[in-house]
Amino acid sequence: MAHSNESHQPNWHVKALSVPGPDTDLSLHVSFDNARFLFGCGEGTQRAFVQKRMGMRGLSGIFIGSGEAKARNGLAGVLMTAADGGISKVDVIGPPDMSHYVSTLRTSVIRDSLTVNMHSFPRDKSPGESVELFKSANITVHGIALIPQPDAESSTSLNVNLDPYNPSFRPSRLSPEDTQKWCDTIVGDMFHNGPAARSSRKPNPSSPRRSPLRTVNPFINPDGTICSSIPDTRYPLPVPTREDVETQMVYICQAPDVRGKFDVEKANKLGVPKGPMRGKLTRGEEIEVDDPSIQGGKRIVKPEQCLVGGGPGSVLIVVNCSDKTKSALLENPIFRRYQYGDEGETAHAHLIVHRVPRSIWESEDYQEWMRAFGERTQHLIADPVEYPDRTVFNSAAWNTLQLSLVNSSIFTPPFVISPNVPSSKLPPRTSFLVEGSSCRMHPPSDFTTVDNHEKDVPFLITASEADSARETIRRDMPEYAQACDIAQKALLADPRSTNPSPPIIGDDITVTTLGTGSAIPSKYRNVSSTHLDIPGLGGILLDAGEGTLGQMRRRYGKDGLKKLFEDLKMIFISHMHADHHLGLHAILEDRFRQGISSPLYVIGPHSIALGMQESASWQYPASREALDNVFFINIGRLGYKVENKGYTDGSIDEAGAEMDQWEKEASDDRDSGRRGWPFNCIYGFSPAANRDHWQSINRLMRDLSFVSIWAPVVPHRGRAYGLAIEHSSGWKIVYSGDTKPSEELVQAGRNATLLIHEATLEDDKPDVAAVKGHSTFSQAIDVGKKMSAKHILLNHFSQRYPKLPKLPVPIPNEDGSAEAEAQPVVSISFDFMSVKLSEMWKMSYYMEPLSLLFAEAEEEDGTDQSGNDTLGQVKRDINPSVDGVIGKPIPKKGNKHNGDANGGGNGAQEGKSKKSLKKEAARNAKRAASPSSNHQPEPKRRSTDSSSINEDTVMDVTV
C-alpha cells in the first residue's frame, strides 16, 4: 500500500484530460490543492498535457485501469517527462502485472532523479477483493481486480526461488508472486539507481560471504549489491498470462471526512476552555472538560458538538470492465454499501466514471446496476471501443488544414468522421464523457463541460466540409492566403510543372511523415516515425515513437490503415531512445487484431526483441502463424554492407547448428507457457543463432528484392544506427536515425535516391548539436550532398527551436531538366505530410507561406526561447478548484486593452502589434471554420491548464 505525506486539502475536482479515441484513451486528471493524480495513461497522455495546457506539477500517483496496452502505453512518456520537469516521486498503482509492464521498459526508460513506487494488485489477494492500494492525507484508494477465469493452458513450469545469489536463478521461472516482487525490485533500480540507493541494497553483513571477483549471474555486482534492471537476453522475464492482459481494475476513491468550522459560541456553552483543547476538537479528537455537576466531574465533548458545516468526504469510483469481467463486477457485494439495499443507503458515491464498451453500458442488467447507486450519483461513460471521433490534438489538425491551402494532396488534414456522441437511452444522471468534462468533488457539484482553452479550438471538420473551412481560413488569414497564391503561381511558372522530366527510378515512392519532432511530442509534431509506400514492394516503417498508431489512424482512416498493415513489410528501429520505439507494440497489436498474418521483418537492437518477448499484449491477438511470420533481425549484425547472394533457406548449412544452454532453456520455457515469441534463436552468435539469422536475412532479401542492406553505427549518445537499403529496381533509400554528421553513413548512402536525415537544431547552434549528438539543418544537407543524394528530406526537429530553414531552390533548364551541376532536391517535413519523390521539388516554393504560418504558430505557442520555460511553467501551475478561475477572464500581463476576442471594436485593436493581430486572426479563422463554433470565444483563464513541458529538459536523456 502506498502512503503519502501531504497534508489534507479538501477541495478537489475531476477533469477529463483525454477520452477514448483513435489516438488516446481515458485519462482523468484528479486535482487537489496540493496533489494531482491520473486515472488512465494511454498513448498520447503526455502530449495531451501539452495540448490541453495542463501542468504536471504535484503529480503524485498514476492509476492504471487494466492490463490492456492501450490503457497504459503512455506511462513511460509521462514518467520521464514528470522526472525531467522536477517531480521527485510518483506512485504507480495498477493490476497484478503492473510492475512487470514497467520492468519491460528497463532498456530505455531510466531516471535517477525519480523514485517510482510500484503498487500492483497483490497476487496473493483474491479476485474481486477490495484492497487498499494507496493512502494519503487527501484520498484513500481501494482497488478491485476483475480477473477472467484462467485458461486451461496456463503455465505449468516448475518455479524457482527468488534468490538472485543462487546460480540457478531464472526470472522466467519464478512464481507469479515472486515475479511481482522481482519486478518491483527492477523498477526500483530503473528509477532510483544512484550510489546511495545501491548501497542501501547491499546484503546483510551476517549473510554468507561470496567472492567479490566473480558473480553468479549478471544481476550481482562484484561488491555484492543487486542490480536487477540489467536487460540480459539470457535472463528474460516470463510473458504475462492472457488473464493478466484481460484484467480490469475498479478504483474506489474516498476522500476524508470534511471537518466543519469551529463554533466558538457552542464551545463556550459546552465549557471548552480556550487553548490546546479547542485545537484537538478542530483536529477531530474528543476531549474531557471539567463538569462538577456530573458523576466523576468530567464530561466528554465530541468534535461534532463544536464543529458546523462538515460532512462525509466525497467518493469517486472509476470502473474498467469488459464483457469477460462483467459478471464479476455486477455480482461483487462490495458495491452494495454505495447502493440502495434492504437497509437503505449506507454511503454515497458522488461520481462514477465507467470505461466500458457499448455491449456493457447498453445492457439492461448493467444499467440496473447503475441505477442502484441512487439519483444523487452522477455517471459518465467512456466507451473504449465505439467512441465519438473527436480530435484531441487540435493544434496539429488545424495546422495541417492551414498547410493544405498550399497543396491539399501533400498535406492531408486528419478529418473526423462522426464527432457526435451516440444517442441512446441512459439511466438518470448519466452522460457520455467528452473532452473537458469536469466535476467538482468538494464542495460537491454537478458535472459540467469546461470550454477548451482559447488556443485549443476543437477540430470537428469532416472531409465534406474541407473546402468551406479552407475558404474561411483564406478570408480570415489574407496575408497567408496571398502568400500561398504567390507560391502556387511561381510553381506553375517552373518548366517542370508543364514539361515534367521523364520518370526515373524511385519517383513513385511516397513518403509520409507521421512524426517529425524530437524527444517529446509537441502540439504540432509527434515523435519520430516515417512511412514509405513503395510500389511493387509494399510499406516500410522507419521508427515508431509513442502515438504512431494514432497518427496512422488519423492519416489513413480505418480502411486505409488496414491496407497499410496488409502491405507493411518491414519496421526499422534505429536505436533505443524512447521517442523512437515506444509505439511499436501498439502497431503490432492492432495489425494482428485486424487478422493480418503476412510476413513482417522487424530490424532493431536486440533490446527491442527482448521487450517484444516479455510483452503479452501484442502476442495474444495473433495466431501462431502470424507470430511465426514476425522475423526479427538484430541490427548489430548489419554493421557492414550485406549483399543479396541469391541464397535460399536450403543453402544454409545446418550441420552442427546446435542450440546453446540458454536457447535450450528458452525452448523449455516456451513449452511450459513461460515464453511465446520468438520461436527461433535471435540472440548471440551460437551456431543455431547464426543459422536463424542468415535464414531471416536471405528471406528478407528475397521477399523485398533488396540488393543490399547496411545499418552503419552513427555517432549519437548511446548506440544508434542508420540504414541504407538498395533495391533491385535501382532505387536506394538512406535513413539517418539520430546522429551527428557521419562519414560512415555517407559511405553507406552513396548515390542515394532519397536521404531522410535528422535536422534537430538550427544552424546557429552547432555546439549544442554536437553535445546532444544531433545535426543542424545545414549539416544534414551537407551529408546528403557528400553522398550525392538526389532527394533530401529533413525531419526530427527540436520542439524547442521550431523555426524553418531556408531551402535551396534548384534552377531548372528550359527543357525542365536539372541544372548542369545537379543539386539535391531538399524538403522539410511536417506531421501528416505525404509526398512523392517526383513532387518533392515543389516544397521549396512553399517555404515562404510556411515560414509565415509557423512564425505565427511559434508566437501563439508562447515558448520561451531562453530555455527556462519548463520549470517556470510547472511552478506557475495552479489548481482551478482552489482559485475558482474556471471560465473567468484574466488579462494578459502587459495588455491593457481587453477588447472582444474576435477583434471587434477599435479598442480591441489599439495597442496591438501586427503579429498579435495575425495570431488573433488565425485563432478566429479556426473558430469560424469549425462547424461547432457558433458560440462566443472562450475567455482567457488561469487553471491547471497552464503549462506544457519544454523539450530541452528531457532531450538530454531521451534523444
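Data overview
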{"read-out": "Single residue of the range 227-240 satisfying the filter (β-branched (V, I, T) and surrounded by fewer than 19 Cβ atoms within 10 Å (Cβ to Cβ)) that is modelled with the highest pLDDT", "value": "T233"}
{"read-out": "Which listed residue, of R123, R111, is modelled with pLDDT under 90, on the phi < 0 side of the Ramachandran plot and within 31 Å of the chain's Cα centre (by Cα)", "value": "R111"}
{"read-out": "A493 vs. criteria open to solvent by less than 70 Å² (accessible area, probe 1.4 Å) and more than 17 Å from M552 (Cα to Cα)", "value": "no"}
{"read-out": "Count of residues meeting criterion [farther than 25 Å from I139 by Cβ and open to solvent by less than 60 Å² (accessible area, probe 1.4 Å)] in the range 281-298", "value": "4"}
{"read-out": "Of all residues in the range 634-652 being part of a helix (DSSP H, G or I) and open to solvent by 40 Å² or more (accessible area, probe 1.4 Å), the one that is modelled with the highest pLDDT", "value": "G636"}
{"read-out": "Residue match in the range 765-778 (condition: within 30 Å of N499 (Cα to Cα) and either at pLDDT 65 or above or out of contact with any His (no Cβ under 7 Å at 6 or more places or on another chain) (or both))", "value": "no"}
{"read-out": "Among (1) assigned to a helix (DSSP H, G or I); (2) more than 30 Å from P148 (Cβ to Cβ) - the single one E243 does not satisfy", "value": "(2)"}
{"read-out": "Hits in the range 506-537 (condition: open to solvent by 10 Å² or more (accessible area, probe 1.4 Å) and farther than 29 Å from T81 by Cβ)", "value": "D507, D508, T510, D533, P535, G536, L537"}
{"read-out": "Odd one out for G85 among (1) modelled with pLDDT of 95 or more; (2) under 30 Å from E435 (Cα atoms)", "value": "(1)"}
{"read-out": "Conditions (1) over 23 Å from R675 (Cα atoms); (2) open to solvent by 10 Å² or more (accessible area, probe 1.4 Å): number failed by E589", "value": "(1)"}
{"read-out": "Hits in the range 85-114 - residues which are surrounded by fewer than 17 Cβ atoms within 10 Å (Cβ to Cβ) and of a type in the set (S, T, Y)", "value": "S88, S113"}
{"read-out": "Number of the condition not met by R53 [criteria: (1) among the charged types (D, E, K, R); (2) open to solvent by 10 Å² or more (accessible area, probe 1.4 Å); (3) at negative phi]", "value": "(3)"}
{"read-out": "Residue satisfying condition, being open to solvent by less than 10 Å² (accessible area, probe 1.4 Å) and aliphatic (A, V, I, L, M), within set A487, A483", "value": "A487"}
{"read-out": "Cβ pairs under 6 Å, 6+ apart, first in the range 688-703 and in contact (Cβ under 8 Å) with a residue 60 or more places away in the chain, second open to solvent by less than 10 Å² (accessible area, probe 1.4 Å)", "value": "S696/I633; L700/Y601"}
{"read-out": "Residues of the range 28-46 classified as in a loop (DSSP other than H, G, I, E, B) and either of a type in the set (F, W, Y) or under 21 Å from V250 (Cβ atoms) (or both), total", "value": "3"}
{"read-out": "Of the criteria (1) within 22 Å of S574 (Cβ to Cβ); (2) buried (at least 24 other Cβ atoms within 10 Å of the Cβ), which one S120 fails", "value": "(1)"}
{"read-out": "Residue in the range 263-270 that is closer than 30 Å to I381 by Cα and outside any loop (DSSP other than H, G, I, E, B) present", "value": "no"}
{"read-out": "Subset tally (residues that are in contact with a Gly (Cβ under 7 Å, 6 or more places away or on another chain), of a type outside the set (D, E, K, R) and open to solvent by less than 20 Å² (accessible area, probe 1.4 Å)) for the range 352-400", "value": "1"}
{"read-out": "Within the range 714-807, strands (runs of 3 or more DSSP E) holding 1 or more residues that are open to solvent by 10 Å² or more (accessible area, probe 1.4 Å)", "value": "723-727, 732-735, 791-795"}
{"read-out": "Elements of type helices (runs of 4 or more DSSP H) in the range 321-419, at least 2 residues being in contact (Cβ under 8 Å) with a residue 24 or more places away in the chain and of a type in the set (S, T, Y)", "value": "394-403"}
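Okay, residues lined up against (1) of a type in the set (A, V, I, L, M, F, W, C); (2) at pLDDT 95 or above; (3) surrounded by 20 or more Cβ atoms within 10 Å (Cβ to Cβ):
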| residue | (1), (2), (3) |
| --- | --- |
| P127 | no, no, no |
| L133 | yes, yes, yes |
| N138 | no, no, yes |
| N166 | no, no, no |
| T185 | no, no, yes |
| F191 | yes, no, yes |
| L213 | yes, no, no |
| V216 | yes, no, no |
| P222 | no, no, no |
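The values are calculated or read from the model by the stated rules, or taken from the named source; none is laboratory data. Computed from a predicted model, the values in this text were never measured in an experiment. For neighbour counting, all protein chains shown are included, and Cβ atoms are generated from backbone atoms with ideal geometry for every residue, glycine included. Remember, those area values only see protein heavy atoms, side chains included, never the ligands or the DNA or RNA. Shrake-Rupley method; radii C 1.70, N 1.55, O 1.52, S 1.80 Å.
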